[in-house]
Every structure is written in structure tokens, then in C-alpha cells.
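This report refers to the structure that appears directly beneath it.
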Amino acid sequence: MSKSFYNLIDNEVSQIVEDNLFKDERFIASPQQASIKLADGKDVLNFCANDYLGLANNELVKKAAAESINTDGFGMASVRFICGTHDLHRQLEKKLSHFLGYEDAILYVACFDANGGLFEPLFSKEDAIISDALNHASIIDGIRLCKAQRYRYEHSNMVSLEECLQKATENQARHVVIATDGVFSMDGTYAKLDEIYELAQKYNALIMVDDCHATGFVGKSGKGTPEHFGLEGKIDILTGTLGKALGGASGGFVCAKENVVQLLKQRSRPYLFSNALSPSIVKATLQALEIIENEPDRRQRIKENTAYFRKNMKQLGFTLKGDSHPITPVMFGDAETAQKMSAALLDCGLYAVGFFYPVVPKGEARIRLQLTSEHTRDQINEALKIFEKVGKDLKVI
Ligand SMILES: *Cc1c(COP(=O)(O)O)cnc(C)c1O
């Protein structure tokens with residue numbers, strides 16, 4: 001219809017391609033796991049899935065999902081409050097909140113929705129939200145949808161956070177909430193939750209943590225970043241995903257006090273106006289949580305794999321970001337190098353995707369690798385060998 005509209009879109013897409021920022025999707029033709037088959041028939045090692053505990057293709061998890069499709073059907077065809085609440089939804093809300101140490105939980109079809117629908121019902125213009133500059137897009141969007149005063153502190157900078165807390169106090173904010181990722185997904189670093197907690201105490205602020213890259217495998221028993229810092233039960237609101245370590249299908253949740261969950265169930269828009277999670281995903285996630293509770297060795301393995309891989313990558317001369325988390329960003333600077341590196345790695349049998357603007361700042365392009373508990377030592381050694389070869393070929397080491 002409007003020629004100028006389509007021309008504008010064409011130009012914008014062409015510009016993305018020209019800037020080496022175009023994201024090409026590759027097609028996988030096997031289940032998600034440490035070694036995958038691509039649609040062109042090539043077998044490759046996979047080092048970029050969020051399948052931290054190898055539950056995406058786990059036999060028990062799959063069996064739970066398959067059985068549930070037979071007994072509970074495929075879809076709910078309703079939002080939760082009409083006729084979409086299956087007994088399994090309630091079981092999972094209870095199990096998640098119990099496991100993570102909260103009074104209650106509310107499920108969403110994605111954590112993007114959990115974060116997107118969290119702030120608006122709980123905070124209004126009398127209140128203040130203080131957000132880390134590197135928070136996930138879904139937190140940023142959720143805050144945008146809320147009328148509260150907004151403050152942004154420099155990433156993990158406690159001086160900057162305290163300045164925001166002071167400003168919010170001066171502006172007589174009724175309630176103040178500090179919002180942060182538990183683990184920053186692009187960097188593999190932990191929020192300084194211990195220091196954030198101290199400041200929250202000092203200024204009587206609430207804390208909201210998005211623990212998508214931690215639930216199930218960070219902390220001694222997999223309870224995430226609060227457990228990692230010895231702060232179980234002290235974080236007011238915890239959000240997380242079912243789409244990463246908990247089987248990797250889809251779904252998100254908010255854990256909080258019972259009355260907070262009650263209000264969200266009344267007012268949170270992505271919950272009220274979007275279909276309920278498929279019962280098979282819910283049943284399989286219940287199974288995934290059983291495995292997480294009963295098989296601590298998975299957490300041990302992911303720790304060992306991470307330490308081994310990081311140590312050897314550094315020895316090869318690569319620049320890594322992050323600390324002990326299985327997210328291992330290998331830094332290249334410009335997007336073109338990251339793109340070339342990623343393509344050459346794939347040619348050699350290693351699936352590892354480049355990240356560049358707008359998902360990371362300009363000039364900080366990287367390949368983000370993720371270890372899982374199910375990578376074997378042989379697979380890790382093979383990945384290191386491929387990295388060494390490609391790194392030398394492209395003269396980045
Ligand atoms: C992946 C992720 C999300 C989104 O989770 P989905 O369930 O996939 O929507 C939100 N926050 C963070 C920090 C994430 O890493």
C-alpha cells in the first residue's frame with residue numbers, strides 16, 4: 001500500500017546487513033543437547049544453549065510431558081481465570097515457591113511476560129524503581145509500562161545505586177524497589193546482591209531479582225543467586241524462567257509474598273490476557289524440579305566444566321568476561337570479527353553464536369559460550385581445539 005513505508009523498511013534491513021549486524025538463524029534438526037544436528041545434515045557441538053543441566057532432552061522430563069499430553073490433553077485454550085487453570089498449574093506454583101523459599105508463585109507463559117507484567121500492578125507514581133543499566137530488556141519494558149519514578153544506576157556500581165536511593169528519598173518516594181538481574185546474561189557476572197541488600201536495608205527499599213540464568217543450578221541446592229550470596233528468603237520478589245535450566249520449553253514465574261501474588265493474579269496484564277501454559281510443559285517442569293532436587297551432581301559437573309573451560313580458554317589467549325558462571329563471553333570488539341569467528345567455528349563443527357549491537361553495546365561484540373553439566377570432557381577438549389585453530393587462522397590469538 002504505502003510505498004514509502006515498505007521502502008523505509010527495506011532501507012533499515014539493508015543498513016543492518018551493511019553494518020554486519022544481521023542475525024541469521026540456523027536450523028536445528030535434532031533435539032537440543034550438547035551435540036546437535038543441523039538441517040543441512042551437519043553434526044556440531046553446541047556451546048550456546050541455556051540448557052544448563054541438560055534437561056531439555058532428558059528421558060524423565062520427556063516422559064512426563066508425553067504422559068501429560070495423554071492424560072491432560074495438549075492445550076488449555078483459555079486464560080487462567082476463565083477455564084485455564086489446571087490442577088498442575090497450581091502444583092507447579094506451590095512447588096516452585098516452596099523450592100525457592102517463597103510464600104507463593106504465579107506462572108506466566110514466559111519470563112518476558114512475568115517481568116513485563118510485574119511492576120505496573122505493584123507500583124504507581126508515588127513509588128520509585130531503581131534499575132541496573134544492564135538489566136534484561138523485559139525488566140526495562142516492564143518498568144516503562146509502570147507509572148513509578150524511574151532511576152537507572154550504572155551497571156553494578158554501588159555508589160551510583162546509593163545516589164539513586166538518595167534521590168528517591170529526597171523525592172519522597174513512598175516505596176522504592178531495586179530491580180536487577182541475578183546473573184547478567186551477556187557478561188556472565190553476578191549482581192552484587194550482598195551489597196545491594198545492605199543498601200536496601202539502609203534505605204528501606206525492596207529488592208526484585210530476575211534469576212533466569214541461575215534458577216536450578218546456581219547456589220548449593222540450585223536456588224539461584226540469593227542462595228549463592230546466603231540471602232535466601234531475603235529478596236522480596238524473584239522472577240525466573242522455565243525456558244532455561246528447568247527443561248527449556250517455555251514459561252516464566254514470579255515468586256513473592258502471597259498477597260503480592262494475589263494482586264498480580266488480579267491485575268497483571270500478560271497473566272490476565274494471555275493463554276495458560278500447556279499442561280505438558282507444567283508436568284515436565286515439575287519433573288525437572290525433582291531432578292534438580294535429587295541430582296546435585298549435575299550442579300557439580302557444570303561447575304567443573306565451567307572452571308576447566310575458562311582456564312583453558314584463557315591459556316589459549318582469549319579474552320573472557322565474567323567469573324565462575326557457565327556463561328563464558330569471548331570478547332572480539334567489532335561485530336565483523338565476531339561474525340567471522342562464529343562462521344569459521346561452525347565450519348569446524350562448533351556451534352557458537354556471535355552477539356553484537358543491539359544485544360550488547362557497540363564495540364563489545366562477543367561470542368557467548370555456555371557450558372552445561374552434560375558436556376563431556378572430550379567435547380570440551382574438542383571445542384578448545386577448534387577455538388585454538390580458528391583463533392589462530394583469524395589472528396585473534
Ligand atoms: C531469558 C531471560 C528472560 C526471558 O525469559 P523467557 O522465559 O525466555 O521469556 C528474562 N530475563 C532474563 C535475565 C533472561 O536471561
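Helical content alone sets the calculated 222 nm signal of the chain at -13000 deg cm²/dmol, taking -39,500 (n - 2.57) per DSSP H segment of four or more residues and averaging over every residue. Rounded to the nearest 0.05, what FRET efficiency do Lys37 and Asp378 have when you use their Cβ-Cβ distance and R0 = 25 Å? Working from the Cβ atoms, E equals 0.85.
Given Cα pairs under 8 Å that are at least 6 residues apart, what percent is the relative contact order of the stretch 295-397? Contact order relative to length: 32 percent.
For Lys147, a cut-off of 17 angstrom between C-alpha atoms picks up these aspartates and glutamates, skipping any fewer than 8 places away in its own chain: Glu120, Glu126, Asp127. Bridging of Lys94 to lysines at a Cα separation below 30 Å is possible for Lys62, Lys63, Lys192, Lys220, Lys223, Lys234, Lys244, Lys257, Lys265, Lys283, Lys303, once same-chain residues fewer than 8 apart are set aside. Partner aspartates and glutamates whose Cα lies under 20 Å from the Cα of Lys392, excluding those fewer than 8 positions away in the same chain, are identified as Asp334, Glu336, Asp347, Glu382.
Relative to the current alpha-carbon distance between Lys311 and Arg267, full extension at 0.36 nm per residue lengthens the span by 11.1 nm.
Here the spin labels are modelled as points 7 Å beyond Cα on the Cα-Cβ line, and at Cys348 and Tyr6 they lie 4.4 nm apart.
Every number in this text was worked out from the coordinates using simple rules, so none of it is lab data. For clarity, every value in this text was computed on a predicted model and none was experimentally measured. Don't worry about glycine lacking a Cβ; one is built from the backbone with ideal geometry, like all the others, and counts go over all protein chains shown.
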